[in-house]
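Inspection log for the structure reproduced underneath, given as structure tokens.
The values are calculated or read from the model by the stated rules, or taken from the named source; none is laboratory data. Only a predicted model underlies this, so the values are computations on that prediction, with no experimental measurement involved. Because the Cβ atoms are built from the backbone with ideal geometry, glycine has one as well, and the counts that use them run over all protein chains shown.
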Amino acid sequence: MTDMVKTVPHLPEIPLIDVGDGGALRSLAAERSRADALLASGRRAHGRLVMRVGDRISRAWLARNGNPFAGEILAVAGAIGRPGAVMLNMSYEWGCTSGAAPDPDGIGNRMLRVLDWRVEGLGAHVIVIREQAPAGPFYNVTWPGAVGVLTAMAPGRFSAAINQAPMRRHGLTKAGDWARNRMAVWRSRHLPPAHLLRQVFLAARDYEEARAMLTRTELALPAFFILSGTHPDQGCVIERTETEATVHDGPVACANQWLSRPDEGRARGRDNEGRRELLSQVQRGRVEGFAWVRPPLLNRFTRVAVEANAARGTLKVLGIERERPATAEFRWIHEDLAVA
């Protein structure tokens, strides 16, 4: 098993794409080959028929609910011209470990984040887009054509990420519970978590506004939001159901298991307690590159690791495939907030 202490030479760079206010369509135009490769991985994982059916169901859900990002998602799908783009934009099948704690260097709050996804290719094809929003610019760790936000940093405002919540149990098989939960999402008229987080980065001017939006806005399904502000004590995990919120102030780390009721539901991913405990230890001290990404944080589904500090305006990203670096380390300092 390879750790992340040393970056393998000659790995491809993660591109930074300035989309202005052009959103997902502009990122797709800039890195179309990466989007095609990721969709091809999705087709291999799920099959063409599943991608087609998934697109149809997702289109119908978006149209019925008047989703504010429906037009952007459909425009991306039209530009790609093949099944899968709508389904992937509505995907919510990943595992994550994330945390927020005071930066050991004494400036601001630091978010550490690992994203796991069964579909290969996200690590190799990850990009960072800089989007201009009414509340200020933000840097989104994503893939070309993605409309929602899973992990991002808004310099001078906050960093945030989403972890998937456990699957609700209904006394059925795992497949039966999954289908029952999907039906609940189908009946909902509220935002998916990734679309809410995009709205937060577009509109929230600071940590407190972001926290209020993530706590009060009704959702289509449960989620965990990790929020990291510009002051050392501005960090929390917000555990959300569709209508209620439980906030755990930092320093705090979470995986895909409820902090408030750890035995509830079918936990996503493997070794949730081990992943959370390791990240809790890691975030207490300084980190060297991505040496902190080690088992059980590192596993065969790990695709992306991120370190972000909104007070410093710093963002570090590493793409991962097959438990090895798939990209060179991305390191960025937002010019207006550069701190020695």
Discussion item. For region 143-161, which positions are modelled with pLDDT of 95 or more and not hydrophobic (A, V, I, L, M, F, W, C)?
Written reply: 151, 155, 156, 157, 159
Discussion item. What pairs come out if I take residues in region 120-146 that are surrounded by fewer than 20 Cβ atoms within 10 Å (Cβ to Cβ) and pair them with residues that are part of a loop (DSSP other than H, G, I, E, B) and modelled with pLDDT under 95 whose C-beta lies under 6 Å away, six or more apart or interchain?
Written reply: 132/21
Fill in: Residue, modelled with the highest pLDDT, within region 241-276, restricted to residues that are basic (Lys, Arg) and surrounded by fewer than 19 Cβ atoms within 10 Å (Cβ to Cβ)
261
Discussion item. Every residue in region 294-329 that is assigned to a loop (DSSP other than H, G, I, E, B) and touching a helix residue (DSSP H, G or I) at 6+ places or on another chain (Cβ under 6 Å), please.
Written reply: 296, 297, 313, 326
Practice prompt. Kindly check whether there is at least one residue in region 90-101 that is aromatic (Phe, Trp, Tyr), part of a strand (DSSP E or B) and within 21 Å of the chain's Cα centre (by Cα).
Written response: yes
Worksheet item: Residues 238, 226: which one is at pLDDT 65 or above, at negative phi, among the hydrophobic types (A, V, I, L, M, F, W, C) and surrounded by fewer than 23 Cβ atoms within 10 Å (Cβ to Cβ)?
Response: 238
Worksheet item: How about region 277-292: which of its residues are crowded, with 16+ Cβ neighbours inside 10 Å and farther than 18 Å from residue 109 by Cβ?
Response: 278, 289, 290
Item to complete: All but one of (1) in a helix (DSSP H, G or I); (2) within 20 Å of residue 296 (Cα to Cα) hold for residue 78, so report the exception by its number.
Response: (2)
Worksheet item: If residue 291 passes every condition in (1) in a helix (DSSP H, G or I); (2) more than 25 Å from residue 194 (Cβ to Cβ); (3) touching a residue at least 12 places away in the same chain (Cβ under 8 Å) but one, which one does it miss?
Response: (1)
Response to the item:
Just one listed residue, out of 135, 160, is in a loop (DSSP other than H, G, I, E, B) and touching a Phe, Trp or Tyr at 6+ places or on another chain (Cβ under 9 Å), and it is 135
Practice prompt. Provide a single number: the residues in region 252-283 that are more than 18 Å from residue 300 (Cα to Cα) and part of a helix (DSSP H, G or I).
Written response: 4
Discussion item. Can you find, within region 35-54, the residue that is surrounded by the most Cβ atoms within 10 Å (Cβ to Cβ) among those that are within 15 Å of residue 146 (Cβ to Cβ) and free of Cβ contacts under 8 Å to residues at least 60 places away in the same chain?
Written reply: 39
Discussion item. Taking the condition of being part of a helix (DSSP H, G or I) and surrounded by fewer than 18 Cβ atoms within 10 Å (Cβ to Cβ), how many residues in region 55-71 meet it?
Written reply: 8
Discussion item. Just to verify a result, which residue in region 192-220, among those that are part of a helix (DSSP H, G or I) and polar (S, T, N, Q), is nearest to the chain's Cα centre (by Cα)?
Written reply: 199
Worksheet item: When region 116-131 is examined, which residues are found to be at pLDDT below 95 and outside any helix (DSSP H, G or I)?
Response: 116, 117, 118, 119, 120, 121
